[in-house]
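The values are calculated or read from the model by the stated rules, or taken from the named source; none is laboratory data. Nothing here was measured: the structure is a model prediction, and the numbers come from that model. Please note: Cβ atoms are built from the backbone with ideal geometry, for glycine as well, and neighbour counts cover all protein chains shown. Only protein heavy atoms, including side chains, enter the accessible area calculation; ligands, DNA and RNA are left aside. Shrake-Rupley method; radii C 1.70, N 1.55, O 1.52, S 1.80 Å.
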Amino acid sequence: MDSTFKTVTSSHITISELMLPSHTNFSGKIHGGYILSLMDQIAFACASKFSGNYCVTASVDTVNFLMPIEVGELVTMKASVNYVGRSSMIVGIRVEAENIQTGVLKHCNSSYFTMVSKDKEGKNSPVPGLILTTLKEVSRFQNCLRQIEMKRLREEQKSIATFGSIDTIINSKKYKIKVELQ
């Protein structure tokens, strides 16, 4: 196999952790910030394993907390590299919680972390190409291409806001806002 390319499977990382009372928020559910911290750790491990370098988080796209996680549940996170650029990778993460007494599994979160490979001097470092071996991997790669395009379009839209569009918002009765410019 060409060493400048690696399979998606070579990036797979899975971690599991039992949720403890110390991980809860004020409502007694597992704190979203704690889950995000675990997700950042698995994204780092996945990207570093794939690239062979230290990696940093460049962005986190769309974190939707679908289901609450309870104390005593076993949380399992699965990560894989779904897309590669020159020095960046998009790592997909799936979060599931299992009631260890009943065996019931629930999907709690899916998210995408953009990670950047760094060399020993802290400069961006090239990553291997990606070998897609299943239709699911191809689909995930295509989803990443759509995400990248949507992000580009959002950034482009930010740069073209005009006073006319701001004025329209200010004068609209559609929004629950009060504007008191100083």
Check your understanding: Can you work out ³J(HN,Hα) from phi for every residue in the stretch 169-181, in order, using Karplus 6.51 cos²θ - 1.76 cosθ + 1.60 and θ = phi - 60°, giving whole Hz and x for Gly and Pro?
Key -> 5, 4, 8, 7, 8, 6, 10, 8, 9, 10, 9, 10, 5
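Determine the per residue accessible area of the stretch 32-126 with all protein chains present and a 1.4 angstrom probe, expressed in square angstrom. Present the calculation step by step, with values, prior to reporting the outcome.
Numbers: 4350 Å² over 95 residues.
I get 46 Å² per residue for this part.
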Study note, to complete from the structure: Rounded to the nearest 0.05, FRET efficiency between Asp119 and Ile148 (Cβ-Cβ, R0 25 Å) equals 0.60
Point to revise | Average Cα contact separation per residue, the chain, under 8 Å, 6 or more apart, as relative contact order % | key: 23 percent
Review point. Which whole-number percentage describes the relative contact order of the stretch 1-61, with Cα contacts under 8 Å and a sequence gap of 6 or more?
Key: 34 percent
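Viscosity 0.890 mPa s, temperature 25 °C: what is the translational diffusion coefficient of the chain from Stokes-Einstein with a Kirkwood Rh over Cα pairs, rounded to a whole number of µm²/s?
Details: Rh = 18.7 Å.
This corresponds to a translational diffusion coefficient of 131 µm²/s.
How large a share of the accessible area of the chain, in percent, is made up of carbon and sulfur atoms when the probe is 1.4 Å and the other protein chains stay in place?
Working: 6590 of 11370 Å².
After summing per-atom areas, the C and S share lands at 58 percent.
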Review point. What is the calculated FRET efficiency for Ile131 to Asn64, with r their C-beta to C-beta distance and R₀ = 30 Å, to the nearest 0.05?
Key: 0.55
Exercise for review: Quick one: go through the stretch 57-83 and flag any residue whose amide nitrogen is under 11 Å from the point 7 Å out along the Cα-to-Cβ line of Gln101.
Suggested key: 72-73
